[in-house]
Structure formats: structure tokens, C-alpha cells
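Step one of this worksheet: look at the structure below.
The values are calculated or read from the model by the stated rules, or taken from the named source; none is laboratory data. Remember, it's a predicted structure, so these values are computed and weren't measured experimentally. Neighbour counts are summed over all protein chains in view; Cβ atoms, including those assigned to glycine, are modelled from backbone coordinates with ideal geometry. Ligands, DNA and RNA are excluded from the accessible area calculation, which covers all protein heavy atoms including side chains. Shrake-Rupley method; radii C 1.70, N 1.55, O 1.52, S 1.80 Å.
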Protein chains: 2
Amino acid sequence: MSRTGSRTTGRPTLAEVARLSGVSPITASRALRGVSTVAPALAEKVMAAAASLGYIANPAARALASARSHSVVVLIPSLSNQLFIDTLEAIHEVMRPRGLEVLIGNYHYDIAEEENLIRNYLAYQPCGMLLTGFERSEGSRLLLNASQVPRVHMMELGGEAGALSVGFSQFEAGRAAARHLLQRGRRRLAFIAAQLDPRVMQRAEGFRQALVEAGLQATELEVLDPQPSSIGLGGELFSRLLAKAPDVDGIFFCNDDLAQGAVLQALREGIEVPRRVAMVGFNDLPASAHMVPPLTSIRTPRAAVGRSAAQALLGLLDGKRVGAEQQDLGFELMVRESS
Amino acid sequence: MSRTGSRTTGRPTLAEVARLSGVSPITASRALRGVSTVAPALAEKVMAAAASLGYIANPAARALASARSHSVVVLIPSLSNQLFIDTLEAIHEVMRPRGLEVLIGNYHYDIAEEENLIRNYLAYQPCGMLLTGFERSEGSRLLLNASQVPRVHMMELGGEAGALSVGFSQFEAGRAAARHLLQRGRRRLAFIAAQLDPRVMQRAEGFRQALVEAGLQATELEVLDPQPSSIGLGGELFSRLLAKAPDVDGIFFCNDDLAQGAVLQALREGIEVPRRVAMVGFNDLPASAHMVPPLTSIRTPRAAVGRSAAQALLGLLDGKRVGAEQQDLGFELMVRESS
DNA sequence: GCGTCCTGAGACAGCGCTACCTTAGTGACC
DNA sequence: GGTCACTAAGGTAGCGCTGTCTCAGGACGC
């Protein structure tokens, strides 16, 4: 069989399964989809026939006929952050056993790129979408609303009425970091943030709020850099901050890689952590517990967010909209030697 | 018109584009696909009509009619390794501008899971596949050969005759690590490996070979652990090795995260690097240059592998099989203070 | 002037599946 | 006993595209 020019796939089709099991194609279709109106005995016969032929439904034909695919689109702002990898992995674990394909779109923290991805992925007629947070372009919003595709938002809570979200309060996480440092007796508190996506800004806001409550706000100790977060940048921003404000005694880093870079930079410069300056990171990436000294960090439930968001979406697909609109999975302060 | 719209997508169709531009649907189809037999003037009219309607071709209908989709399947053994993230990103950069969807399959270093993924993804009638290395199950091999889907292998070189591969010699990389340590005057050389996938074993083999050539082979200094590679494991294996063989003066780690863990462990234990023991990592992950001391590592062309593999696949799809069967992109030893 | 080639355009017929409607068969109910 | 739900199966007709064949018309050669 030559590949080019052949219009058929060469794979077994539903019609063959039907013939082999002695039923009509439509009954075979229903049996394989688990539609309840098929007698158990027949269904079993169809399953057996399908298995013996190695039949796998053609997703293109299926999508065309039913005007919806068995794909779920996940849009995330970055792949280079371990955070989203863990979330993705958990989503896969929920979706694959249900026969749902996961299409991953990385929009590189660019809402215009996200809009393009949405436009393109909607052509695939996904049965659901998992989105990161709530900030998006007006065009994206229009596309999503017009499409009526069920969706769940991840990582942040809130959003417009009726929106399902699974995550935790980024604001409270930032506040918790500040409170911890205050509890440790630190008074000149700084925060260092990069990337400056909405979630980072919410954490920063929470941190600020705690300082205001303690009467210790110090806007001159806020370092906000729009560059992507990285270990190198963390070291750099840390050095710069210390040069500018040598009396800083506690720092909250809005991402763990920044904090890791700072810990390493402190080692190089002989700055004692936490004696001279305490450090708190965010996300509790695997490396943080192994830093010297081990890094205090806020552990975020990234796998759980993926899992719960996927399950919430499955609930929407099944029509049974279970649970609260906002699922707060919380976070955990992992206190280690850096603070 | 049927009563319910549930079978239709609600999106503009090719027929509407054709109507608006005053040509037949098939001509519109050809114009939008860039088939050359359409007069430029007509083609332009069709493009304009499509743009004004916001037309996006229905991939399901397209795949069904032509028995092949516009998807490319990429199978990788892990997502938690930054290595493959960079490769994936590069693949996306080549494929997306060509209108090709990238389907990512993570088989978690499990060739049985890979076989399942292949079986499922073949149902999507991908126009091409990018595979990692050459080790796979017999079932996978049969499926791939039966499917005739064009494919390119990444990361390793070689494979059966006619196979296209883009990567570098893992063996030579391991050998280069050993030679570097020998050049530095180290004589009691160990290697520490985890995960033990085929590429790790090839690097180990190259390392061994260099030691044999130098008459310094020491099988008692080989640490092979099947667990997934991680920072924590690196520190652990390093401590264990040093307890068992205190005279070790150089170590090659088959993955950078192992090496990073070891550097940090050495810091904690007060073991001087490189004075007492020199260290060389593999992959040159972003964090390695920021370790204390900065880690010597072998930089692998992971983004270039993705890019070139994607381009080689595009070449296959266009029928012009360009370049060599094996594209060796080499590697680079990044010498830093740890050795 | 006639046949041949070539080119650009269209007609037609599905690709493999499922939504929708219809039909046979079952028991429930008055 | 007849009507009425109600269920389980099948028939029919597409979903929105594209491969293949066909055809009109111009260029070209003898």
C-alpha cells in the first residue's frame, strides 16, 4: 500500500467491528462509547470484537461527526518553570484514563500569544479548557465566551461570577511570607520579584499588606524586575539590593529560583544567611531544600491544582457541577534554616 | 437547515469562503493550502474572503478527508528534566509557523508506556513523529513500521539503516568528561549515574573507555542507581561514594542535577571542590554555572537538536530528504571551577 | 485544421463516525 | 385487549473537508 494517495487509513473501522460482532455500526458505536441503551451482552460482544481487531476509534471522524473532540486544551504561561510541569503531569494523570487528549499551549506570559493559541485551539473543538489565572485579552474573553467551551481556571481564585477556579490565595501566600519574617524578628523587609505576572503581583501585594499592618512598610525595599525569573537574576538582584540597602534583614523572593540564586550569591560573597539576612522563597521547588542553608519556602499545591482542576472540568463535562466555584487548596510554609 | 445546530460547529466553513469569493469549494481549499494550480488572482481573493470571515480550517474534517492530520507527535521520556523542555520549545518554534500541531507524549522512561502512546497517537494520523533515541519495545517497532509515518530520532546517533537521527555522541561526551579530568591530573576517577536510560549508559561507556585507554579503570568507583536523577540523590550518592572510597579525586556525574546535589553536599560537609575532588556534570543546566563553585559541565545542544530534528522532519514531509542520515551536533565542555 | 498536450477550474464522492429519527418489541395500565 | 409509554436496536444522513476524475480552453506542432 502506498501511503500517498490512499484515502483510507488502513486501520480497522467501526464498520468492521460491527460486522464481526453482528450488529449495526451505530450499535457498535454506542457500545464502545458506553452508552447505556445497549444490552450488556451485545456490548460485551462488541468490545471483544474491537479488542480482537485492535480497533481504535478515529478521533478525526469522531470529532467531525459530533462537532466536538475528545481533547482538553491546557494553556500555561511557561514550560520552563517546574511549577507548571507538575501541574501538567497531574492533569494528564486524570485525563488520559478517561480517553481525553491533553493539548498543551504555552503562551510565554504573553496574552496576545494566548489569544492566538485560543483561536487556533478552538478549531479543534476541545471538550474543555484549563486556563491559568484570569488575566487575558479582551479578544480572548470574547472567543472563549462565544465558544461556550467548559473551562476551569487554575492557580488563582476569584474571577467573574460563575467561573470555576482551583488554586490558592496568592495574596495570602505573600502575606504569610512577611508574617513569618516578622515573627523571626526581622524589621527591614524587602521583596524581590521578577517576571511580574499577575500572580507575582498578588503575592507582592500580600507581602506589602502585612508590612503595612505592622507599620513597617518600606517601598524603597521593593525590587521589581520584568525579566524572566532565573537563578542568575536572583543573585544579581540580591547583590544590587544589598548594596543599596545594607540594613536589609529579611527578603521574600517571589520565586524559588530567585531565592536559590540569592542563597548561592550570599555564599560566594560570604554573607551569612540567615544571621545577617533571612530569606524566604516561593513554590518550594525540589532544589530549595538542598540549598546551603536549606531554603525556607512556601510550598504550593501545584500537582493538586492540576488534579482538582482536571476533575472539576470532568464534572462540568458530565453535567454534574460539583463542589464550590472556588476551590482553595491552600499553601504550606516550609520553614528551613534560611530564615 | 436542520433544526438543531448541535451537529455543526457554528464556525465559518470552507463552503462559505468559497461562496464569498465566488469560486468552488475545492478551489478555495486549494487556494488556502497553497496548491500551485490556482491562479494568483483567485488565490488572493480566497485568502481575503477567508480572512474577512475569520475562517480557520476544521482540522478534524481535514484529517478525515485526507487520512492524515497536521499534527506531529513528539515522544519524550520525561518532562521534569529541563533538557527536554528546551528541545520541545525549539520543536514548537519550527512547527507552529508551518501550521503543525505538536502532540507531546511523555512516557516516563517506560517503553511499555511508550508503546501505548504510539498506539494511541497513531490513531491521530500524525504526519510525522519525533522520537527519543532508539531503544523501544518490539511492539512499538512493529507499530511504527506498519504506520509508515515519517520519523526522526533525537539525542542519539545511529539506529537501523535509513533512520534519520539528530543528536550527538553520548559515548564521546562521556569520554570527553573523563579526558578532561585526566588532563587535570586526576587519577582516581568515579562516575555516578542515575536513571540509567540508554543515553546515560552510553555516556558511562564512553567514560569507562577513556579510563581503559589511560590504564586507570576502576569498576569499584562506578555508582549506578536506577532511581530518577535528582539533586537529593546526587548528594546522597556522593556521600556514599566518598565514604566507600575516600581517595576519589574526580567524579563525572551523568546528569547535572546529580552534580549540583553533590556540590551542595560537599559544601555542607566542608569537602573542598575541586581541591580534594573535582566534579564534572552533564547537560549544563542553567543552575550549574551558579553553583559554588561553578560546575564544569558538558553543554548539550538540546534546543538545536529539537530545531534540527523538526526541520529534518519537515524535509521528509516535503519529500526532499536533505542532509545526512545522522546529524551530529556535537557538545561543548564548559570548564568552570569545579574541576 | 486537427489532434495533442498542458493548465486551471469544477463535479463528485467519499473519509469514519455519530445525531437524529424511526421501528420493532416489551411490559404496564386502564 | 388495546393503548400507551418505554426500551433497544437500526436506517439515514450528514459533519467539513480533500483525492480523484473530468472538462473547458488555450498553446503548440505537423
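Computed from backbone phi with θ = phi - 60° and the Karplus coefficients 6.51, -1.76 and 1.60, the 3J(HN,Hα) list for segment B:193-198 is 10, 10, 6, 6, 6, x Hz; x is used for glycine and proline.
Projected label points at A:Ala245 and B:Asp247, each 7 Å from Cα along the beta carbon direction, are separated by 5.5 nanometres.
Solvent-accessible area lost on pairing B with A (1.4 Å probe, both sides summed) amounts to about 4300 Å². Computed with a 1.4 Å probe over protein heavy atoms only, the accessible surface of the protein assembly as shown comes to 41 Å² per residue.
In order along segment B:28-34, phi translates into HN-Hα couplings of 4, 4, 5, 4, 6, 8, x Hz, rounded to whole numbers, per the Karplus curve 6.51 cos²θ - 1.76 cosθ + 1.60 with θ = phi - 60° and x for Gly and Pro. Once divided by 2.2 N^0.38 Å, the Cα radius of gyration of the protein assembly as shown becomes 1.06.
Suppose R0 equals 51 Å. What FRET efficiency, 1/(1 + (r/R0)^6) with r the Cβ-Cβ distance, do A:Gln326 and B:Thr219 give to the nearest 0.05?
0.30
The portion of the accessible surface of chain B made up by carbon and sulfur, rounded to a whole percent, is 52 (1.4 Å probe; DNA, RNA and ligands excluded).
Between the amide H of A:Gly250 and those of A:Arg188, A:Ala190, A:Ala278, distances stay under 5 Å, these residues lying 5 or more places away or on another chain, with hydrogens modeled in the peptide plane. Backbone amide hydrogens, once placed in the peptide plane, bring B:Ile298 within less than 5 Å of B:Gly281, B:Phe282, B:Asn283, B:Asp284, B:Met334, excluding anything fewer than 5 places away on its chain. Phi angles across segment A:263-272 convert, under the Karplus curve 6.51 cos²θ - 1.76 cosθ + 1.60 with θ = phi - 60°, into 3J(HN,Hα) values of 4, 5, 5, 4, 4, 4, 8, x, 8, 7 Hz, Gly and Pro given as x.
Count neighbours as other Cβ atoms within 10 Å of each site's Cβ, and list the trypsin sites (Lys or Arg not before Pro) in segment B:1-85 that are DSSP loop with at most 15 such neighbours. Intermediate values should be presented prior to the final figure.
Details: sites: B:Arg3, B:Arg7, B:Arg19, B:Arg30, B:Arg33, B:Lys45, B:Arg62, B:Arg68; in loops: B:Arg3, B:Arg7, B:Arg68.
When the trypsin sites (Lys or Arg not before Pro) of segment B:1-85 are filtered for loop state and at most 15 Cβ neighbours within 10 Å, B:Arg3, B:Arg7 remain.
Can you give me the Rg/Rh ratio for segment A:170-299, using Cα atoms for both radii and the Kirkwood formula for Rh? A ratio of 0.92. Residue and distance for the chain A Cβ closest to the axis that moves A onto B, in whole Å, come to A:Ala60, 2.
Please identify every one of the trypsin sites (Lys or Arg not before Pro) in segment B:258-339 that sits in a loop by DSSP and has no more than 14 other beta carbons within 10 Å of its own beta carbon.
On the way: sites: B:Arg268, B:Arg275, B:Arg276, B:Arg299, B:Arg302, B:Arg307, B:Lys320, B:Arg321, B:Arg336; in loops: B:Arg275, B:Arg276, B:Lys320, B:Arg321, B:Arg336.
Here the trypsin sites (Lys or Arg not before Pro) that fit, given the DSSP loop and packing criteria, are B:Arg275, B:Arg276, B:Lys320, B:Arg321.
Accessible-area loss of 50 Å² or more (1.4 Å probe, protein heavy atoms, chain alone versus all protein chains) is found in segment B:262-292 for B:Leu264, B:Arg268, B:His290, B:Val292.
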